[in-house]
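To start, the structure under review is shown below, and the notes come after it.
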Amino acid sequence: MQYAYKASTKDGRTVSGSAEAASKQALLALLHREGLHPILISESKHKQSTGGGLFKPKQKVKLNDLVIFTRQLSTMISAGVPLARSMAALQADSDNPYMREVLGGISKDVESGTPLGDAFAKYPRVFSDVYVNMVRAGEEGGILDDILSRLATQVEQDASIRKKIKSAMMYPLVILSVTIIAFFGIMLFIVPKLGGILTSLGGPNAKLPVYTQVLLNFSNLCAKPTILGPLHIPLLSKIPNLILFLILASIASVYVLRYTKTDAGKFKLHSLLLRLPIVKTVILKIAIARFSRTFASLMGSGVSVLDALDVTGAALGNKVIEKELKAAADEVRNGKPLSEPISRSKHFPPIVAQMLMVGEETGQIDTVLTKIADFYEEEVTVLIDGLAAIIEPIMIIFLGAGVGLIAASVMGPIANLSKNIGS
């Protein structure tokens, strides 16, 4: 979100400007860190476009681009190249127009004395809260090059998991889409003609198998404008029931998608997903792997346990588990070790609590959690590959069964009626 603001400096001057932030609270925190006292904050009238139109570059940075940028910046800092010079060089080297624009803004902020983490925080579409907080921790601890190297590894792992999920889902979605389109196409254009053939062969009182009659009735329901006919509206009354259903389903989908973007909608959606047998397993393994790696990286960067829990919960992408981590943070704030509330969790397996306990006792939480992350990322890979191998033949079987059922519903009665006519 783009915001315009007015603020006062320590010497009493009033300054104004604009900045991109995830929320007003995030912008307030950013201004306070820069020594500014906000007077007025409002959403900018000139909002940045997310799509970019047909000829304008999209304001999006791929994870692969972010990984390359992070590794290059880490290498240049470890080699002793000044930060402002590093940003300028990376800006010139970037192939992504929006990334060049972002790096140009960050370069100006760094040259004016803004900490790198605060400069990154102005671009939440590119740099997540986890990314920003780890950079801030690296700046404070003087280990920015090491932190950026860890961040690159973490972003690579996230990108790898997302790529595997997308590739596993692509084939089933294509098959399902083709099947649905073909089914309704058959219902609208082919079955009515075949129904006319059956009627001409056997007459209007011909006895047809139950499954054939069901198929014909459904086809008639899809093709005929019976629902809106009583309204006597010329245009609407001619719309086939199937088209009407698709329009209503599209409108309902838009409202559902909007609702799922709210906090309450996300929580209900995530609760539902955690009740679905196979989906629940995939989501939990991904969440545990992401929690372990993110929390380990933050702890290894010197971030406090409470701050690490807050940032990690928001990075998991599941409101139910995030709520659970917030409750765990409250117990940690009251003096309890993190392993205790995690051991009572409904979603974290016992091994995570046990490994956390070992890490707390040995003072190596980051090392222990990194091993958990490696284990569960491997589990996710195996699980997704297994599901992809199983889904493909299942989809083919269902597709074949559907085609066979339609063929049997039509060809069987035609053959029987032809025999009766011949005899």
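The values are calculated or read from the model by the stated rules, or taken from the named source; none is laboratory data. Model, not experiment: these values are computed from the prediction. Virtual Cβ from ideal backbone geometry, glycine too; neighbours counted across all protein chains shown.
Pick out the one residue from GLY302, GLY335, GLY359 that is farther than 24 Å from LYS166 by Cα, touching a helix residue (DSSP H, G or I) at 6+ places or on another chain (Cβ under 6 Å) and not in a helix (DSSP H, G or I).
When all the criteria are applied, what remains is GLY302.
Suppose the filter is aromatic (Phe, Trp, Tyr) and modelled with pLDDT of 65 or more; does PHE69 pass it?
yes
Can ASP95 be described as acidic (Asp, Glu), outside the structural domain of LEU309 (by TED's automatic domain parsing) and modelled with pLDDT of 85 or more?
no
Please determine, by comparing only the residues of the range 374-386 that are buried (at least 19 other Cβ atoms within 10 Å of the Cβ) and at pLDDT below 85, which one is farthest from GLU156 (Cα to Cα).
This residue is ILE384.
Can you pull out every residue in the range 72-87 that is farther than 24 Å from SER160 by Cβ, at pLDDT 85 or above and not hydroxyl-bearing (Ser, Thr, Tyr)?
Selection gives MET76, ILE77, ALA79, GLY80, VAL81, PRO82, LEU83, ARG85, MET87.
Among the residues of the range 130-175, write down those that are among the hydroxyl-bearing types (Ser, Thr, Tyr) and within 16 Å of the chain's Cα centre (by Cα).
Once the filter is applied, which keeps residues that are among the hydroxyl-bearing types (Ser, Thr, Tyr) and within 16 Å of the chain's Cα centre (by Cα), the range 130-175 yields SER160, SER167.
Return a yes/no flag: does the range 103-125 have any residue that is modelled with pLDDT of 85 or more, in a loop (DSSP other than H, G, I, E, B) and crowded, with 20+ Cβ neighbours inside 10 Å.
Yes: one or more hits.
Within the range 133-162, count every residue that is more than 16 Å from SER74 (Cβ to Cβ) and at pLDDT 80 or above.
So the count comes out to 0.
Is it the case that the range 186-195 has a residue that's among the charged types (D, E, K, R), in the same structural domain as LEU369 (by TED's automatic domain parsing) and either assigned to a helix (DSSP H, G or I) or within 21 Å of the chain's Cα centre (by Cα) (or both)?
no
Within the range 280-310, can you find the residues that are more than 13 Å from PHE375 (Cα to Cα) and basic (Lys, Arg)?
Correct list: LYS280 only.
Residues being touching a residue at least 40 places away in the same chain (Cβ under 8 Å) and either surrounded by fewer than 16 Cβ atoms within 10 Å (Cβ to Cβ) or assigned to a loop (DSSP other than H, G, I, E, B) (or both): count how many of those fall in the range 274-299.
3
Output the residue which, of all residues in the range 78-88 that are over 32 Å from the mean Cα position of the chain (by Cα) and not in a loop (DSSP other than H, G, I, E, B), is nearest to LEU151 (Cα to Cα).
Within the range 78-88, the subset over 32 Å from the mean Cα position of the chain (by Cα) is 78-85.
Next, only the ones that are not in a loop (DSSP other than H, G, I, E, B) stay: 78, 83-85.
Working: SER78: 15, LEU83: 17, ALA84: 20, ARG85: 21 Å.
Filtering first and then ranking leaves SER78.
Does at least one position in the range 252-265 carry a residue that is hydroxyl-bearing (Ser, Thr, Tyr), in a helix (DSSP H, G or I), without any contact (Cβ under 8 Å) to a residue 24 or more places away in the chain and surrounded by fewer than 13 Cβ atoms within 10 Å (Cβ to Cβ)?
Among the residues of the range 252-265, at least one is hydroxyl-bearing (Ser, Thr, Tyr), in a helix (DSSP H, G or I), without any contact (Cβ under 8 Å) to a residue 24 or more places away in the chain and surrounded by fewer than 13 Cβ atoms within 10 Å (Cβ to Cβ), which makes the answer yes.
Quickly run through the range 303-319 and pick out the residues that are charged (D, E, K, R) and over 15 Å from the mean Cα position of the chain (by Cα). If you could, list the steps in order and put the result at the bottom.
Restricting attention to the range 303-319, the residues satisfying the condition of being charged (D, E, K, R) are 307, 310, 319.
Correct list: ASP307, ASP310.
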